[in-house]
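To keep things clear, I will list the structure first and then write my remarks on it.
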Amino acid sequence: MRLAKTYEPNQYEPNIYAMWEEKGAFSPSGVGDPFSIVMPPPNANGNLHIGHALTVALEDILARYHRMQGKDVAYIPGADHAGFETWVVYERELAKEGRSRFDFSREQLYSQVWNFVDKQRGNMELQLRALGVSASWKDLVFTLDEKVITTVNSTFKKLWDEGLIYRGERIVNYSTKYQTSYSDIEVDHKVEKGTLWMIAYPMLDKIGEIVIATTRPETMFGDSAVAVNPNDERYKDLIGTRLQLPLTDREITIIADDYVDASFGTGAVKITPAHDPNDFEVGQRHNLERIQVIDFDGTMINVPQQFKGLTAEDARKRTVAALEAQELIRGKTTIEHTVGYDYKSGLPIQPLIKDQWFLKIQPLAQRAKQALLDGEISFTPASRKQVLVQYLDNLHDWNLSRQIPWGIPIPAFQNVNNPDDWIFDERVDEKLIDVNGTTYRREEDTFDTWFSSGQWPFITTDFMQNGDLSRFYPNSVMETGGDLLDRWIARMIMLGLYVTGQVPFRHVYLHGMVLDEKGQKMSKSKGNVINPMETIASHGSDALRLGIVASRSAGQNQAFSVAKVVAGRNFANKLWNIARFVEDKLGDSYRFRTPEPKALVDHWIISELNTAGADIQQRLESYRFAEASDSMYHVIWDSVADWFIEANKQQENPDLLAWVLDTCLKLAHPFAPFVTETIWQTLAWHNDLLMTTHWPREFAFNDIAASEFNQLKNLITEIRFVTSELPGNDKYTLLYQNDSLVADNVILIQKLTKLQAIQHVDRTRGLRLPNSGREAWLDVSAETLYEHQTNLETRLAETHAIIANFEARLANKSYVDKAPAELVAETKQQLAEKQALAQALVGELAVIR
RNA sequence: GGGCGCUUAGCUCAGUUGGCUAGAGCAUCUGCUUUACACGCAGAGGGUCGGGGGUUCGAGCCCCUCAGCGCCCACCA
């Protein structure tokens, strides 16, 4: 025997993977229709988590399946420099050494982080291999590879040339902790209870005061106006008059702007253009001064001496206290409002004015929206498309600048003598450049990583360079987590269309989050993280894949289930043992031959496997992974192992046995690549690899023979059921009359039912098997029969209930008239069957009584 | 403020366009040293599909409504 007694996944998996890789099986074949998936690049210096295991399981199932369909498959792996994530980790390292980013130049930092990442790189790639991904490693792209930078720069230039890039002072989401601006997607919005203070601003041109409402009193030092709604009768006469800004010696004016909601608060709003996006816009309309009172480090500047240097939080308390001391607080209420937090540090985000690079997003967004409406991309789950359309409609201009050294430098330079004169240039390694006698200073900021990852599909396929892989653009499928719909999918569609004129992929499959066994989000702090590598070590890679795919539907957050991984492990073991049985029967020197079905079961199993092959195909092509896997699992375990193999022990057909095993391995391969290939290679019946062999083709069989086996199967099931119901553990004899199906399969029936004997008789006795439709009796004593009476009565009652159900349905004229004719005919037939059963049961009971 | 999703067996979940007696894995119970497999074999029990209403010949699936849970998006002070 070549196959060992037990299957130990860890003994085989690494070798099998190495063999695939050595034989170049992962590279696109160049033959057949292209099929491509680009892997969402995992963090280059991180470890894979369970979500990655799900991601690559789904992707690899598709890749392997389509490869077996004879397609030219490119599964392109990637590694992400994970700009901000990695930067945060690195900055922590620096802090441990008592240093900060300000001790180094951009180049120094960049190369230090590069080395830091490089030390751990390869880790996650090894882990992907352990998961069995059939990715084309030679085509791996790192997000800071030269070709990425080149493409990103040229996209930036195209956008710039076409007037879609602008640089300007805008309110940005600023992380005072990490000293960088964020895009909208990096801000966590939380609904909170906050205090709304009513503050009196004394009037200078008239007697009295105006009361404004604010949740952020500390920003009042940056006020440059108070705004009211132009139609608000209460304040109409005050527009244009002057106010004293409390705690300062500044004067501000009352202005009118439609932005103000007269019904909120007091209907009068302080306007702080430097610290609120709405106020910023009001300020632009009214040409107001922008006074920055919170610095980029989060402390107060440009404020009266007593508040200088305070954190914004402290300044709020002290400002309120100072106002109270001057009796200017006119009241306070508690309101629910949303506050933006830094998703990384958990600290409040400060809206601050900063000179940044922005992308005018709406032209791109609308084009993307149109492509979606035109159905150029399909979605699983389908409902997510609408969500995306809505998102695109509401997008604001995209802040592309990050003040982080670990990223792609923005290729722009500023005229040292004219701050408004910016030029595009890729010489980002030089701080100053000379162009036609003018000196330009480089931009120090880098791109938001989503700007480069948004171009991933056409970068990885070298589409713009018309490279070797360009036939794989647009990608066939983009598979990723549902949480990336807006931040990544949307950006890929927008930038893909903009740069290439085509959608980046034809189908989007979104999976949900893998939760812990109790349905909680996994997190390091909760300590409920499941490490995929540990699961592989204990149960095997196939088990993890089978377990994580099972019973999981698209877009749904679902719990991880160890029980399902165990079930997967058991399945791999089952396959192994099927193979061991086959090997034992065929011997080591078996040479594969085209089989010829002989026994009824032979025809039946061919029929089952044909159906399963088509079924799995149909389900995979509609992205129903769990159902496809289930179908594969049951045909192999139930049909092949429990019926075919058992029957084959009595009715041997070696060539068919080999064919059945081959077919099982093929059907199972996308779901359990390691154990299937291990068996294929160990038996060595073929010279090729299982992973590159063709998906099972339909095999001819005799329909009548197959259905006869089904009848036999029903009889056997009936015998097993009835004997298990009979009292005691006696072995019974089956008696039959004029039944060639029974007569021809005596040994098979006996073995599969553990009957003592099967005899042909002229005069019958005992218990007739009521549901088998056969002339068959179990030879039981009158006593046993009597004890069995209640069982029969129960069955009769159940049968009567079902009959009543069918009769009611058929008595319903509307049903007979309106339901499809086949359905009605089917109901009639079922009714007849149940009536026959009832009659048989009544007959039996009559005999007993 | 807008949007999405979930509620089905003890547990974790499937259930394509409405179609017959609602499934799986695990768990439970009863048998079983059967020419591969106890990570196994043969059986069994277990569900008023969250509540209510509606459409339909027919609803787990469609519509309305109520309740509970979860997620995402959003620059109203």
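Points to keep in mind about this one:
- Any hit, the range A:133-150, residues being touching a residue at least 60 places away in the same chain (Cβ under 8 Å), closer than 30 Å to A:Val428 by Cβ, of a type in the set (Lys, Arg) and open to solvent by 20 Å² or more (accessible area, probe 1.4 Å): yes
- Subset of the range A:243-276 (residues that are exposed (fewer than 15 other Cβ atoms within 10 Å of the Cβ), near RNA strand B (Cβ under 7 Å from one of its atoms) and of a type outside the set (Ser, Thr, Tyr)): A:Asp261, A:Phe264
- Of everything in the range A:504-522 that is away from RNA strand B (no atom under 11 Å from the Cβ) and part of a loop (DSSP other than H, G, I, E, B), the residue that is farthest from A:Trp456 (Cα to Cα) is A:Met522.
- Looking at A:Lys96, A:Lys71, just one residue is of a type in the set (D, E, K, R), free of Cβ contacts under 8 Å to residues at least 24 places away in the same chain and surrounded by fewer than 21 Cβ atoms within 10 Å (Cβ to Cβ), and that residue is A:Lys96.
- Subset of the range A:446-460 that is polar (S, T, N, Q) and closer than 11 Å to A:Val152 by Cβ - its residue that is most open to solvent (accessible area, probe 1.4 Å): A:Thr449
- Residue check: A:Ala626 meets all listed conditions (1) modelled with pLDDT under 95; (2) away from RNA strand B (no atom under 14 Å from the Cβ); (3) open to solvent by less than 60 Å² (accessible area, probe 1.4 Å) but one, namely (2).
- Per-region count, the range A:724-746, residues within 11 Å of RNA strand B (Cβ to nearest atom) and open to solvent by less than 30 Å² (accessible area, probe 1.4 Å): 1
- All positions within the range A:360-378 that are within 14 Å of RNA strand B (Cβ to nearest atom) and open to solvent by less than 20 Å² (accessible area, probe 1.4 Å): A:Ile361, A:Ala365
- Looking only at residues of the range A:174-191 that are assigned to a strand (DSSP E or B) and near RNA strand B (Cβ under 9 Å from one of its atoms), we find that the one that is least open to solvent (accessible area, probe 1.4 Å) is A:Val187.
- The residues in the range A:757-782 that are of a type outside the set (Gly, Ala, Ser), closer than 18 Å to A:Glu718 by Cα and part of a strand (DSSP E or B) can be counted, and the count is 6.
- Condition check for A:Ser154: away from RNA strand B (no atom under 16 Å from the Cβ), of a type in the set (Ser, Thr, Tyr) and open to solvent by 40 Å² or more (accessible area, probe 1.4 Å): yes
- Where helices (runs of 4 or more DSSP H) fall entirely within the range A:81-167, those with at least 3 residues that are under 23 Å from A:Asn531 (Cβ atoms) are at A:83-96, A:106-120, A:123-130.
- The condition of being under 17 Å from A:Phe644 (Cα atoms), aliphatic (A, V, I, L, M) and near RNA strand B (Cβ under 8 Å from one of its atoms) holds for only one of A:Ile605, A:Ile578, that being A:Ile578.
- Subset of the range A:427-445 (residues that are of a type outside the set (Asp, Glu), surrounded by fewer than 18 Cβ atoms within 10 Å (Cβ to Cβ) and in a strand (DSSP E or B)): A:Leu432, A:Ile433, A:Val435, A:Thr438, A:Thr439, A:Arg441
- Residues in the range A:581-602 that are assigned to a loop (DSSP other than H, G, I, E, B) and buried (at least 18 other Cβ atoms within 10 Å of the Cβ) were compared, and the one that is nearest to RNA strand B (Cβ to nearest atom) is A:Ala599.
- When A:Gly346 is tested against (1) open to solvent by less than 60 Å² (accessible area, probe 1.4 Å); (2) part of a loop (DSSP other than H, G, I, E, B); (3) in contact with a helix residue (DSSP H, G or I) (Cβ under 9 Å, 6 or more places away or on another chain), just one condition goes unmet, and that condition is (3).
- Test: A:Gly163 is under 19 Å from A:Ala312 (Cβ atoms) and at pLDDT 90 or above: no
- Any pair with Cβ under 6 angstrom, 6 or more apart, that starts in the range A:2-24 at a residue that is more than 20 Å from A:Glu125 (Cα to Cα) and ends at one that is within 16 Å of RNA strand B (Cβ to nearest atom): A:Arg2/A:Thr682; A:Leu3/A:Ala579; A:Leu3/A:Arg580; A:Leu3/A:Glu583; A:Leu3/A:Thr682; A:Tyr7/A:Asn573; A:Tyr7/A:Trp576
- Out of A:Gly194, A:Gly208, A:Gly222, A:Gly240, sole residue that is more than 10 Å from RNA strand B (Cβ to nearest atom) and touching a residue at least 60 places away in the same chain (Cβ under 8 Å): A:Gly222
- First in the range A:819-837 and free of Cβ contacts under 8 Å to residues at least 12 places away in the same chain and near RNA strand B (Cβ under 9 Å from one of its atoms), second anywhere and open to solvent by 80 Å² or more (accessible area, probe 1.4 Å) and part of a helix (DSSP H, G or I), Cβ under 9 Å, 6 or more apart: A:Ala819/A:Arg809
- Some residue of the range A:393-408 being among the aliphatic types (A, V, I, L, M), open to solvent by less than 20 Å² (accessible area, probe 1.4 Å) and not in a loop (DSSP other than H, G, I, E, B): no
- Of residues in the range A:470-496 being within 11 Å of RNA strand B (Cβ to nearest atom) and under 17 Å from A:Gln390 (Cβ atoms), the one surrounded by the most Cβ atoms within 10 Å (Cβ to Cβ): A:Ala490
- Residues within the range A:99-119 that are of a type outside the set (A, V, I, L, M), open to solvent by less than 70 Å² (accessible area, probe 1.4 Å) and either over 21 Å from A:Phe447 (Cβ atoms) or in contact with a Ser or Thr (Cβ under 7 Å, 6 or more places away or on another chain) (or both), tallied: 1
- Odd one out for A:Ser631 among (1) more than 9 Å from RNA strand B (Cβ to nearest atom); (2) of a type outside the set (Asp, Glu); (3) open to solvent by less than 10 Å² (accessible area, probe 1.4 Å): (3)
- No other residue among A:Leu796, A:Leu741 is closer than 27 Å to A:Asn648 by Cβ and not in a loop (DSSP other than H, G, I, E, B) apart from A:Leu741.
- Count of residues meeting criterion [open to solvent by less than 60 Å² (accessible area, probe 1.4 Å) and either among the hydrophobic types (A, V, I, L, M, F, W, C) or touching an Asp or Glu at 6+ places or on another chain (Cβ under 8 Å) (or both)] in the range A:302-343: 18
- Single condition A:Phe463 does not satisfy, out of (1) crowded, with 21+ Cβ neighbours inside 10 Å; (2) closer than 19 Å to A:Trp406 by Cβ: (2)
The values are calculated or read from the model by the stated rules, or taken from the named source; none is laboratory data. Worth saying up front: this structure is predicted, and the values here are computed from it rather than measured. In this analysis, Cβ positions are derived from the backbone assuming ideal geometry, glycine residues included, and neighbour counts consider all displayed protein chains. We work out accessible area using only protein heavy atoms, side chains counted, and drop any ligands, DNA or RNA first. Shrake-Rupley method; radii C 1.70, N 1.55, O 1.52, S 1.80 Å.
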